[in-house]
Amino acid sequence: MALLTKAPRGTQDILTKDSYKWKFIETVALETSALFGFKEIRTPTFEHTELFCRSVGDTTDVVQKEMYTFTDKGDRSITLKPEGTAGAVRAALENGLLNDALPLKVSYLTSCFRYEKPQAGRLREFHQFGVEMLGSQSPAADAEVIGLANEIFKVLQLKNLTLEINSIGCPECRAKYHTALKEYFEIKKSELCETCLGRLQTNPMRILDCKSAVCSAIAKEAPIVLDYICEECSEHFDGVKKRLDLMGVEYTVNPRIVRGLDYYTKTVFEFISNEIGAQGTVCGGGRYDGLVEHLGGQKTPGLGFAMGLERLLLLMANQGTELPKPRDCELYIASIGEQASLKASELTAKLRSEGFFIECDTMGRSVKAQMKYADKIGAKMSMVLGDSEIESGKANIKDMESGEIKQIDLDGDLMDVLYETGLERATKELEQKMGDMDLSDLLN
């Protein structure tokens, strides 16, 4: 019976006290990406398992150990998506989006699922904001996608994030790098973990991402990919760096950032924080010029990124970032008796249709209990209706903070009072905020 009232391990409820924070981040991400020309796409929560085996790679830990896969009633293998890119590219191919004007720019908010050990910033159900740009092979596209992620972090006022970039080259120059890695790790194969011994034969670049302390130490002395990229890939990487410099986006080149999948090419990048423990990467992305073709489409360059919302929220909490609070109730209408309750319902419906946040009693409470409730929900104003108010058509409206009372006509100036009070309150809050700011704040 306890299982009925307990969420599965590695999942969490997003309660009303926190949901506004998620909404704020999601809105910032979508609206900022829209300024860069990205439009939202929504794809299914689950896909055919083959899609992820093909896109993520059937030898990766994600496919072999972490995917939530099941057989449906039609005897089809179905998987809850572990990441967002594969579904977005599949949707583009299925719906002919690549036949329209290019580049195709899409953004998405999605739940993802991986069977991992739950820890801070890493859950079994987690949430991502991501973008994909398909159709451009120019370094200008790489810089634009990186610039978008950077702009989102600026709007969210995140501090102390480090952007690290690298180039892993094209398939031709990466083949030379694979040879060099094999030669290096072959000498030390007796020290590698069992998983990395298999990677040594299939894709030695994946050894560089091993979480084993021994393998990580060995990998630190491995050859770096930048020493093996061809002239064209080197020029592309230089083009990305020049544009980031002109855009004022600070970065460091980290030759240890790699992607182990064959269709990844050239630019890879990560935004990293040292304030949220081991799960320091809050955004990762790169170019995947081989993915569309790998999934059965025409050869089409592509790139994108994904940022984890749980990690963003964790970082913002650690930095004490102030988020806009959700809207408070502007007026609570208390009532005494059936006629007053009917009038309260009428006024509440009318004012809500005009865009005001209004509450009235639906519990049959006493007036004293209603006023306690109004205070508890943070109502800015309150009004009590009884027989005398209904008969006279007038009532007193009270400012819950200052205690100031105004008499109003129920069918006349109530709406005007709400507008005026709301404007006065907003002006007061702005003046207070301006008083706390210096000239440098205004200029920034």
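Readers should treat all values here as calculations from the given coordinates under stated rules, not as data from a laboratory. Values in this document were obtained by computation on a predicted structure and should not be read as measured data. Neighbour counts are summed over all protein chains in view; Cβ atoms, including those assigned to glycine, are modelled from backbone coordinates with ideal geometry.
In table form, for the structure just shown:
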| quantity | calculated |
| --- | --- |
| Degrees between helix 231-247 axis and first principal axis of the chain (Cα, 0 to 90, nearest 10) | 30 degrees |
| Region 290-429 - share of DSSP beta bridges that are antiparallel (%, nearest 5) | 55 percent |
| FRET efficiency for residue 190 and residue 116, using Cβ-Cβ distance with R0 set to 30 Å, rounded to 0.05 | 0.55 |
| Residue order, fewest to most beta carbons within 10 Å, for 184, 177 | 184, 177 |
| Expected 222 nm ellipticity per residue - DSSP helices of 4 or more, -39500 (n - 2.57), all of the chain, to 500 | -12000 deg cm²/dmol |
| Pairwise label distance in nanometres, residue 375 with residue 157, each label 7 Å out on the Cα-Cβ vector | 3.1 nm |
| Fewest-first sequence of 256, 287 by Cβ atoms within 10 Å of each Cβ | 256, 287 |
| Radius, Kirkwood style, for region 331-421 when every pair of distinct Cα atoms is counted (Å) | 12.9 Å |
| Neighbour net charge for residue 97 - beta-carbon separation under 15 angstrom, K R +1, D E -1 | 0 |
| Under-21-angstrom lysine pairs by C-alpha in region 14-127, whenever the two are 8 or more apart or on separate chains | 8 |
| Net length gained if the chain between residue 327 and residue 299 were fully extended (0.36 nm per residue, minus Cα distance) | 5.2 nm |
| Rounded, prolate or oblate (a/c below 1.5 giving rounded, otherwise prolate when a/b exceeds b/c) for region 224-280 by Cα gyration tensor | oblate |
| Cα-based helix-to-principal-axis angle, 367-376 vs the chain, degrees rounded to 10 | 30 degrees |
| Estimated FRET transfer efficiency when R0 is 56 angstrom, pair residue 402-residue 252 (beta carbons, to 0.05) | 0.60 |
| Label point distance in nm, residue 3-residue 366, each placed 7 Å from Cα along Cα→Cβ | 4.6 nm |
